[in-house]
Ligand SMILES: [Fe+2]
């Protein structure tokens, strides 16, 4: 994901990092700041709008993820400032810069939200790994920070995916390209599982 607006000029650099490398790192971190800010708002939105069976489990599962990701945003913003950059945290700048659409699910079932969140986490984690790849040789301290955050995000992603996995280990959302597709696909296996259970009982 590229930032559409130019990153503000840096006033200083930490010792041992060139101006050019510092700009590269700060630009990558600003991208993560937008992604984390978007993610913790989306997770809270899902926390508020999940309904139906498994409501309380999913509702309560999401709040610690909101808090953790909000903490990641704070750590990233302060790393940008430490590197001499200017962290941008305003909603308008986020919307102007992001390359992804707004979260597509409103009030809906737990499975629908979990299906959509599978894709949301996939996007954030893929971009994090890309950042790790790009900045690893420039600044191992920033790399270490993003690696730690990515490990936690991957665990949260597993919490989501565990609800979408069948007993053969397949994800209901496999092949889905959009949040709407993923949400719809996540609802389907329940129907399939019910039919299979009936057939098994008769034979
Ligand atoms: Fe709440």
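Figures for the structure shown
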item	result
Degrees, to the nearest 10: 19-49 long Cα axis against longest axis of the chain	30
Value at 222 nm in deg cm²/dmol, rounded to 500, when DSSP H runs of n ≥ 4 in the chain each add -39,500 (n - 2.57)	-24000 deg cm²/dmol
Where labels lie 7 Å past Cα in the beta-carbon direction, separation of residue 60 and residue 86 in nm	4.5
Helix axis angle, 140-162 relative to the chain longest principal axis, alpha carbon, degrees	10
At R0 = 25 Å, FRET efficiency that the Cβ-Cβ distance of residue 104 and residue 53 yields, to 0.05	0.70
Separation of alpha-carbon centers, region 124-155 and region 10-70, rounded to whole Å	13
Translational diffusion of region 19-202, µm² s⁻¹ [Kirkwood Rh, Cα pairs; Stokes-Einstein; 20 °C; 1.002 mPa s]	122
Sites residue 21 and residue 122 - FRET efficiency at Förster radius 41 Å, r taken between beta-carbons, to 0.05	0.90
In degrees, nearest ten, helix 110-135 long axis to first principal axis of the chain (Cα)	30
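Each reported figure results from applying straightforward, stated rules to the coordinates on display, with no laboratory input. These figures come from a predicted structure and were not determined experimentally. Backbone-built Cβ (ideal geometry, glycine too); neighbour counts: all protein chains shown.
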